[in-house]
Every structure is written in structure tokens, then in C-alpha cells.
1. Specify the angular offset, from 0 to 90 degrees and rounded to the nearest 10, of the alpha carbon long axis of helix 262-271 from the longest principal axis of the alpha carbons in the chain.
2. How much space per residue, in cubic angstrom, does the convex hull of the C-alpha atoms of the range 40-87 take up?
3. Leaving out same-chain residues fewer than 8 places away, which aspartates and glutamates sit with a Cα under 18 Å from that of Lys120?
4. Within the range 1-51, list the GluC sites (Glu not before Pro) lying in a DSSP loop whose Cβ has at most 13 other Cβ atoms in a 10 Å radius.
5. I need the peptides 290-299, 146-155, 241-250 ranked by packing, meaning the mean over residues of other C-beta atoms within 10 angstrom, with the highest value on top.
6. Highest mean first, what order results for 6-18, 121-133 on Cβ atoms within 10 Å?
7. Out of residues 5 or more away from His109 or on other chains, whose amide H comes under 5 Å of its own, with H placed 1.01 Å from N in the peptide plane?
8. Contact order normalised by length for the chain, with contacts defined as Cα pairs under 8 Å and 6 or more residues apart; what percent is it?
Amino acid sequence: MREKDSVAAYFVQAMIHGLGEDPQRLRVALEQAGIDPTLMEQPTARVPASAFAALWLIQIRELNDEFFGLDSHGMPPGSFALICRALIQEPDLHKAMRQCLANFALFLHDFRGTLTVRGKRAVISLQNHSPNCDVSRLGEETFLVLMISLLCWLGGRRIPIDRADFRHERVSLSDDRLLWGPNLTFGAERTEIEFASHYLRLPVVQDLTSLKVFLRTAPQWLVIRFRNQHGLASQVHQRLRSSHYSQWPTLQAFALEQHLSPSTFRRKLEREGCSYQEIKDEVRRGVAFEQLRQSKASICDIAEQLGFQEPSAFHRAFKKWTGESPGRYRARYQGELAE
């Protein structure tokens with residue numbers, strides 16, 4: 001975690017909800033963490049990641065609950081470590097995630113997740129029975145942050161989310177792309193996240209030693225996720241995102257820009273859990289979603305912008321990413337906006 005790392009104040013609201021009826025106790029907890037209480041009225045304000053991490057631990061101690069009072073039963077201190085200890089025994093991410101969801105269900109009564117594999121797509125769906133709208137909203141996001149972050153940590157790499165749908169509505173945040181990917185919808189019919197199912201075949205690479213380190217750094221890790229905002233992968237992502245596909249450098253050219261050899265460039269990206277090709281694919285998906293949602297550009301023009309030689313190749317790629325055609329995706333999303 002770097003000094004510049006920060007999170008939106010919105011994510012602090014999930015932690016402090018349990019003390020909402022005790023303003024004095026809440027103010028003391030925020031001050032102990034070094035957070036200005038007035039920021040809680042500004043969901044887009046920034047809170048240092050170090051203060052966020054401190055508040056996470058303070059709230060668990062105050063509430064005696066690792067799910068911050070967002071569930072009618074909750075998770076007593078030690079539950080998260082117990083769950084993680086079981087997960088590192090699993091051979092691959094598929095079995096680990098099924099075990100993870102089953103173990104969380106032993107503690108939480110209102111939030112239940114299920115994993116479904118549909119060919120090349122994997123979906124984690126969430127059902128919740130919380131009668132309180134605010135608790136429901138905060139609990140759903142907290143639950144899915146835990147799921148995707150654990151998945152990334154267990155596999156030792158970033159796993160991009162291709163689709164994230166939430167039933168509730170809320171203000172957009174600069175953190176959203178980092179947490180949920182570019183294909184994010186609020187006010188959807190159901191709450192679920194989708195990613196490529198081949199990631200589930202990855203082996204679990206963590207052990208007891210790395211678990212101890214993870215548990216010490218879990219608070220900031222679980223929101224900042226397996227992505228260093230100031231690292232090489234982020235620099236590559238920003239460089240590609242700000243230029244047309246035709247201007248994207250080769251791996252060798254990008255390494256030269258960074259004053260690195262190609263082999264060192266690859267190794268640095270691998271340590272951050274990704275490859276140059278994967279980042280390029282992620283940026284292409286992000287631009288495709290953005291253009292289909294927000295622009296009037298033709299599908300042929302979008303395909304050309306993304307470097308596809310034929311629109312049919314873009315159709316095939318997009319269907320692989322989402323399970324539907326670009327035209328259907330655009331009609332569904334832009335149709336919802338027009339209603």
C-alpha cells in the first residue's frame with residue numbers, strides 16, 4: 001500500500017453502518033482511524049487507504065462482527081481467517097470458490113452466493129433477504145468485494161470482471177472501474193458478477209505463510225484488490241486507454257519506453273498478476289462496452305476502432321466476452337436508458 005492510495009468515502013459507509021445509531025461512538029471510531037467524520041456525508045470524497053484499513057480493524061473490534069453488522073447473524077472475529085485457512089487446501093479456484101461460498105453461508109443468514117458455470121462464462125449470483133434497503137445495498141457490495149478479491153488472491157493474479165450487475169442504484173465512483181470493471185450496471189434485475197470460466201481452472205497458489213501476510217494486509221487489499229494503482233500494469237492500462245488501437249506499441253516497444261528489457265517487462269507484469277496481452281484484451285473490452293453504451297458509433301466503426309479487421313470478428317469476440325451480440329447488448333442497455 002502506498003501513501004497515495006485512497007478509496008471513496010462510500011466504501012467506508014459499509015463499515016460504519018453498524019454504529020449509525022450511536023453518533024458519539026461512531027465519531028470516536030472515525031477519529032481513531034484518522035478520518036474526518038464530515039467526509040461521511042460526501043460519498044465521492046477520498047479517504048487514505050491506511051485510514052480505511054485502520055477503521056476496518058477498529059470496526060470489527062467495536063461490532064464484534066467481521067461483516068460490520070450488515071447481516072442478521074454476522075461473522076464473529078476469526079471467521080474470515082478460518083474460511084481462508086480452508087480455501088488454501090483446495091487444488092484449484094473452482095473448488096475453492098464453491099467452498100468459499102459454502103463457508104460464508106455457515107455464518108451469514110441474509111446473503112447467499114452461488115457459482116454457476118455456463119460454458120466459457122462463470123457467474124457468481126447473490127441473493128439477499130435483508131429487509132433494509134441500505135443494509136441490502138452495502139451488504140451486497142461488501143459480499144462481492146470479498147468474493148472476487150479472495151478469488152484473485154487465491155490465484156495470485158488479477159481476474160477481470162466482464163460484467164457486474166447490482167439491483168440497487170447509487171452514484172458512480174472513480175473506484176468502480178477498478179472494483180467492478182467497465183461493464184457495470186446499477187438497477188439491474190439481479191445482483192451478480194461474471195468472468196471467464198477458464199480462470200477457475202487456475203491452481204490455488206497460496207499457503208499458510210502467505211495467508212498470514214494476507215490477513216495482516218486484508219483491509220486495504222480487499223478494496224484496492226490485486227491491482228497496484230501506481231504499478232506497471234496500471235501504467236500500461238492508462239497508456240493503451242488513452243490512444244487509438246492503431247497506435248498501441250508492441251511489447252518490445254513498450255518495454256523500451258519504460259527503459260526495460262522485454263524479459264524484465266514481462267516479469268514485472270507477471271508479479272502484478274497479468275500479461276501485456278491480457279491488459280490489451282481488457283482495454284479492448286472496456287472500450288467496446290463504453291462505446292456501445294454511450295456512443296452512436298456504428299458497430300462497424302467500433303470494430304475498426306478496436307483493431308478488428310472484420311465486424312464479424314468483433315461480433316465473435318464480443319459474444320465470447322458476454323454471451324450476446326454487440327447489437328443486442330447496445331439495444332438492451334440503451335433501451336433501458338430511454339425508458
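1. Computed tilt is about 30 degrees.
2. 115 Å³
3. Excluding near neighbours in sequence, the set is Asp92, Asp162, Glu192, Glu194, Glu278, Asp281, Glu282, Glu324.
4. Passing both the DSSP loop test and the Cβ count: Glu3, Glu21.
5. Taking the mean over residues of other Cβ atoms within 10 Å, the ranking is 146-155, 290-299, 241-250.
6. Ranking, from highest mean packing down: 6-18, 121-133.
7. Residues meeting the criterion, in which the H sits 1.01 Å from N, are Ser72, His73, Gly74.
8. Details: 473 pairs, mean separation 48.1, N = 339.
Here the relative contact order equals 14 percent.
Since every read-out is calculated from the coordinates, none of them should be taken as a lab result. This is a predicted model, so every value here is computed, not measured. Cβ coordinates were reconstructed from backbone atoms using ideal geometry, including for glycine residues, and neighbour counts include every protein chain displayed.
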